[in-house]
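In what follows, a structure is listed as C-alpha cells, so that the remarks can point back to it.
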Number of protein chains: 2
Amino acid sequence: MHDILHKIGAKSSSPQDAFLALTQLEGLGAWWTNDVKRDDAAGKLIRFTFGETGFFVMKVLEQVPGKRVEWQVMNGPEDWIGTRISFDISQADDYTLVMFRHSGWSEPSESMHHCSTKWAMFLMSLKSLLETGQGSPHPKDVSIDNWN
Amino acid sequence: MHDILHKIGAKSSSPQDAFLALTQLEGLGAWWTNDVKRDDAAGKLIRFTFGETGFFVMKVLEQVPGKRVEWQVMNGPEDWIGTRISFDISQADDYTLVMFRHSGWSEPSESMHHCSTKWAMFLMSLKSLLETGQGSPHPKDVSIDNWN
C-alpha cells in the first residue's frame, strides 16, 4: 500500500478554525470544491462534486474538535474507493499545522502521482483560507497538468 | 520504504526543455535553488544550497535526453541520504509531463510530510519556468508551513 503525505502551516489561525474548515460544509466548500453536500440524513456521508470531472463520497470516520478528522472514500474513482484520508491538527507557536495522509493506494499509478500534487495545491488553498479568508476551491483550483 | 510522488504538465514546452531544466545548472537554478554548482571535476555531483537552512549533494545516476533523470542523495539531511529522486519526462498532446518520485524514505515522518508539499511547490515552479520562463527557486520559494 502507498500513501500520499503533506503538511501545511497556517499563520495566525487556530486549530478550531482548521477543524471547522474540515468539517463544516461552508468551510469545505471554501478550499476543496464549491459543490459539497451531506449525502445522508445522519450527516455521516459527504459528497464532493467537481463539475463533470468526478465526485467523491466520504464517510466521516472520526472528528475530534481541534485535533483530527478522518474520512473513508465510499464512492468515486475506482482507485480511491476504500482509501482513507486524515487531517491531524496541532499548534506550533504562531502556526496551525495540518498533517495530511491519504492512505491505502494499491499502486503508485499516474493517477496517484497526479492526486498527490493536486492535494498539495488544495491544501495550500486551505492554508490561504485560514490565513486570508480566501481559498481556491474547484472550479477556481490551480491546474497542475493535462488532467487539470 | 515510503515514496513521494508528483506529476506536473507544462503546456507548450518540450521534453528537451524539461530535460535541460533538470540537468543544466542554469535550469536547475531557475526552479529549485539559485545556489547550485558542480561538486566534482567529473560533473557527476551537484550541490544544491538553501541559504543557511541546508544543502543536498546529488550524484547523477542517469540522464537520458528528453526522457529521464535520476539522482541519489549523497549528503544533506540524514533522512535524505541514500534516497533517490527521479524525473520521467514524456509528451501528451500539448503537455510536457514530468512524473516525479523521491523514493526510499525510511519512515513517514513530519519531515517527509513537509518535503512532499515542498516538492509540489518546487515542481510547480518548474512548470512555471517551462511555460513562462520564470520559476520561483529558493530564496523566492513559496512558504508552506513553520519550517518554510
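Before moving on, here are some points about what is shown:
- Among the criteria (1) at pLDDT 95 or above; (2) surrounded by fewer than 15 Cβ atoms within 10 Å (Cβ to Cβ), the one B:Gly51 does not fulfil is (1).
- No other residue among A:Ile81, A:Ile144, A:Ile46, A:Ile89 is away from chain B (no Cβ under 14 Å) and surrounded by 20 or more Cβ atoms within 10 Å (Cβ to Cβ) apart from A:Ile46.
- Apart from one condition, A:Trp119 fits all of (1) surrounded by 15 or more Cβ atoms within 10 Å (Cβ to Cβ); (2) more than 11 Å from chain B (Cβ to nearest Cβ); (3) not hydroxyl-bearing (Ser, Thr, Tyr); the exception is (2).
- For the range A:130-147, residues that are touching a strand residue (DSSP E or B) at 6+ places or on another chain (Cβ under 9 Å) and in a loop (DSSP other than H, G, I, E, B) total 8.
- Checked against (1) surrounded by 14 or more Cβ atoms within 10 Å (Cβ to Cβ); (2) at positive phi, A:Ser12 passes all but condition (1).
- Some residue of the range B:99-113 being in a helix (DSSP H, G or I), within 11 Å of chain A (Cβ to nearest Cβ) and over 30 Å from A:Asp93 (Cα atoms): no
The values are calculated or read from the model by the stated rules, or taken from the named source; none is laboratory data. If you're wondering where the values come from, they're calculated on a predicted model, not measured in any experiment. So basically every Cβ, Gly included, is an ideal-geometry build from the backbone, and we count neighbours across all protein chains shown.
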